[in-house]
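Quick note: the coordinates plus some simple rules give every number you see, no bench work behind them. A quick note: this is a predicted structure, and the numbers were derived from the prediction, not measured. Positions of Cβ are backbone-derived with ideal geometry, glycine not excepted, and every protein chain shown enters the neighbour counts.
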Amino acid sequence: MSETKRYNVVPLPAFKDNYIWVLRDERHAAVVDPGDARPVLDYLASEGLRLSAILATHHHADHVGGVAELLRHFGVPVYGPKGEPIATLSRALAEGERVEVPELAAIFHVISIPGHTRAHIAYYGAKDLFCGDTLFACGCGRLFEGTPQQMCASLAKLARLPEDTQVYCGHEYTLANIRFARAVEPANAALAERERAEMRTREQDRPTLPSAIGREKATNPFLRCGEPEVAASASRYLGQDVRDPVQVFAAIRNWKNEF
Ligand code: ZN
Ligand code: FE
């Protein structure tokens, strides 16, 4: 935690493999992607915290399903992407806007990262990135409402953040993602090392998150579509030669869907 940052980030597991991220100090909390209200209400009650804000990255129910119930207990602002069907929003956000949570002395910059959904956003501040279902540890979200071109541009934006940016994703998908990444880049030594480390983490039942941008750039095949080994694997999967990073991305995204 940097000197200037007043909050800690705590993962609340939800459903099968979601994380709801709680930002908290001694008295206040903000919550990112509360798909379920129950774990949030239980945590706030047991820790004696007051909710100050709700931040949503995209409209899927496993990220916003708990918002209405939280609003019955706390009258707080709800932030989320402009252009997605989230009925409970109090402010719709687009690229470049700022969100403040004064109770936590937190300021987040909104980064537009379409691809998984039409208007998916990330929140970035104090080298913390909350990126929902766009960038995962060693993977990326499925393209439900966007094109490979859009998703590549979105991931490239996130890859330009500082290497030590902490990456808080919406799901614990890391081990399955790494199994796929190993098929794409069997010669990537950093990836092999990461697999060993993350397996130990999961054996101890700890979250593999947050990740870091530098670690993702070294091991996440979806951020490495310009690497010769990734292009070669994509070409093998397609049965034809591809070099263009967007085409490489599209190929490995399809491959992952059926992996
Ligand atoms: Zn989603
Ligand atoms: Fe999700």
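I'd like to compare 76-86, 94-104, 48-58: which one has the highest average count of other Cβ atoms within 10 Å, and what's the full order after that?
Numbers: 76-86: 19.7, 94-104: 15.2, 48-58: 21.7.
Answer by packing, highest mean first, reads 48-58, 76-86, 94-104.
Provide the net charge surrounding Gly48, with neighbours chosen by a C-beta distance below 11 Å and charges set as Lys +1, Arg +1, Asp -1, Glu -1.
On the way: positive: Arg24, Arg27, Arg50; negative: Glu26, Glu47.
So the environment of Gly48 carries a net charge of +1.
Please give the charge dipole size of region 8-258, origin at the Cα centre, charges +1 on K and R Cβ atoms and -1 on D and E Cβ atoms. Round to the nearest 20 debye.
Using Cβ point charges on Lys, Arg, Asp and Glu, region 8-258 gives about 260 debye.
Kindly provide the pair-distance distribution of the chain built from C-alpha pairs, with 5 Å bins from 0 and whole-percent values in order of increasing distance.
1, 6, 14, 18, 19, 16, 12, 8, 4, 2, 1, 0
Applying a 10 Å radius around every beta-carbon, put 160-170, 110-120 in order of their mean neighbour count, most first.
110-120, 160-170
Tell me, rounded to the nearest percent, the portion of alpha carbon pairs in region 7-160 spaced more than 26 Å apart.
19
For Ala156, put the label point 7 Å out on the Cα→Cβ axis and report which residues of region 212-252 keep their amide N under 17 Å from it.
Residues passing the 17 Å test: 217, 221-228, 231, 243-252.
What is the set of long-range amide H partners of Asp33 at a cut-off below 5 Å, with H atoms built 1.01 Å from backbone N?
For Asp33, the qualifying residues are Leu55, Ala56, Thr57.
In nm, to one decimal, how far is the Ser235 label point from the Arg206 one, both placed 7 Å along Cα→Cβ?
Inter-label distance under the simple model: 4.1 nm.
So how tilted is helix 189-203 from the main axis of the chain? Cα-based, degrees 0 to 90, rounded to 10.
40
May I ask you to list the aspartates and glutamates whose Cα is less than 20 Å away from that of Lys157, ignoring any residue fewer than eight positions away on the same chain?
Result set, ordered by chain and number: Glu95, Glu97, Asp128, Asp133, Glu145, Glu216, Glu227, Asp244.
Cross-link list Lys5/Lys256; Lys82/Lys217; Lys82/Lys256; Lys16/Lys256; Lys127/Lys256: which exceed 27 angstrom alpha carbon to alpha carbon? Mind showing how you got there, number by number?
Working: Lys5/Lys256 37 Å; Lys82/Lys217 29 Å; Lys82/Lys256 29 Å; Lys16/Lys256 20 Å; Lys127/Lys256 29 Å.
Listed pairs above 27 Å: Lys5/Lys256; Lys82/Lys217; Lys82/Lys256; Lys127/Lys256.
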